[in-house]
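Here is the structure we will look at, set down as structure tokens.
The values are calculated or read from the model by the stated rules, or taken from the named source; none is laboratory data. Note that the structure is a prediction, hence the values are computed from the model and not measured. When we count neighbours, we look across all protein chains shown, and the Cβ atoms used for this are built from the backbone with ideal geometry, even at glycine. When the accessible area is computed, the model is the full protein with side chains, heavy atoms only, and any ligands, DNA or RNA have been set aside. Shrake-Rupley method; radii C 1.70, N 1.55, O 1.52, S 1.80 Å.
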Amino acid sequence: MNTLFNVLLPVFLVMGFGYLAAWRGLFNEGAIAGLMKFAQAFAIPVMLCMQMARIDIRASFHPGPLAAFYAGAFLSYTIGMVLSRVWLKRSPVDAAAIGFCCLFSNSLLLGIPIMERAYGPGSLDGNIAIIAIYSPLLFTVGILMMEIARNSGGGIGTVALRAIRGVFHTPMVIGILCGFALNAGMSLTGQDLPEPIWAAMKMVGGAGVPAALFGLGGVLHRYKPEGDGRAIAMVVVCSLLVHPGTAYLLGRWGFHLDTEALRSAVLTASMAPGINAYLFADMYGAAKRVAASSVLIATAVSLLTIWAWIAILP
């Protein structure tokens, strides 16, 4: 019970504050959009850059936790796509969008603050290693599969190049790449950045997660759960149980991960679908109601499931 109150509730209370402000009209949609723009395009990329610049790359990038996490992610994606077509009889485009909802967990906006509160700032290296390839890999796969569904496989080479180009123009990926470059530069030269630069980066980056959580609460206020109950339930089960469950089983008994690596893989996998899942569906005009409702409902349910996963983890 202490975990619920001390670790999870502060994170969800910040989201709830944003939801309440939007509900009462104290923070309009334009203000929410501006706040999310600041968080996602500026503050969080700076935070990721700083984390990547200081991370011990050799110690953090191990194949075991990455394989455990991504095996769970792609199993969830496959289940979501196949069941959408076979069980729910949705179109290939809808199935690709629903599968992406099962694939894309909120590993950054929820995963980082929950991991930090549960196990301390020193526990984030494994999460950062997962996040470093998360958006480039999953967005590329999601876009490719969607384009295949829309075009029946035509022009995949051109689609692939366009998808990769788009992914590497996103602010968070740019922040990660800049962090890699700084890390390599400081390792080769033995020189650190001046302390005022680190202090400025810490100030900007430190504002990212709280701003994003508050803004996320405001964004969720727009989404009303309605219809498509079976599809939404499937996304919730895949996101909150199948993905982390697979990461746990593979991590503990397949790859025999140490405690810190297992925590990073499983807890990052246990997050609900993020807003990007809805934005992806909205971009293609496919299964938007399923995506919106899944983000809202899974985020609420994850308050209990994340608590359970923390209790199970060593």
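Observations on the structure shown:
- Gyration tensor (alpha-carbon) shape descriptor, segment 174-282, a/c threshold 1.5: oblate
- Extension gain for Ala308-Thr259 works out to 16.0 nm (0.36 nm per residue, less the C-alpha to C-alpha distance).
- Charge tally in the Cβ shell below 11 Å around Asp282, where Lys, Arg are +1 and Asp, Glu are -1, Asp282 excluded: +2
- Excluding same-chain neighbours fewer than eight residues apart, the aspartates and glutamates reachable from Lys37 by a Cα-Cα span under 15 Å are Glu29.
- Each of Gly142, Met201, Ala308 was scored by the projection of its Cα onto the charge dipole of the chain, and the greatest displacement toward the positive side belongs to Gly142; charges sit on the C-beta of Lys, Arg, Asp and Glu.
- A straight Cα-to-Cα reach below 14 Å connects Lys89 with the aspartates and glutamates Asp228, residues fewer than 8 places away in its own chain not being considered.
- Among the protein heavy atoms, those of His243 account for about 0 Å² of accessible surface (1.4 Å probe, every chain in place).
- A DSSP coil position with no more than 13 other Cβ atoms inside 10 Å describes the following trypsin sites (Lys or Arg not before Pro) in segment 1-97: Arg24, Lys89.
- Cα-projected label distance for Ile164 with Ser91, points at 7 Å along beta-carbon direction, nm: 3.0
- Each of Ala269, Ile164, Val235 was placed along the dipole of segment 158-314 (beta-carbon charges, centred on the mean Cα), and the one lying farthest toward the positive end is Val235.
- Translational diffusion of segment 22-101 was estimated from the Stokes-Einstein equation, with Rh taken as the Kirkwood radius over Cα pairs; at 10 °C and 1.306 mPa s the coefficient is 96 µm²/s.
- Rg/Rh for the chain, where both radii come from Cα atoms and Rh is the Kirkwood radius: 0.96
- Descending principal axes extents, segment 248-314, alpha-carbon based, whole Å: 42, 23, 15
- Straight-line cross-link partners of Lys202 among the aspartates and glutamates, defined as a Cα under 19 Å from its Cα and at least 8 positions apart when in the same chain: Asp56, Glu116, Asp125, Asp192.
- Length added when fully stretched, Arg54-Val301, from 0.36 nm per residue minus Cα-Cα: 85.5 nm
- Estimated at the nearest 10 Å², the accessible area of Val242 is 40 Å² with a 1.4 Å probe.
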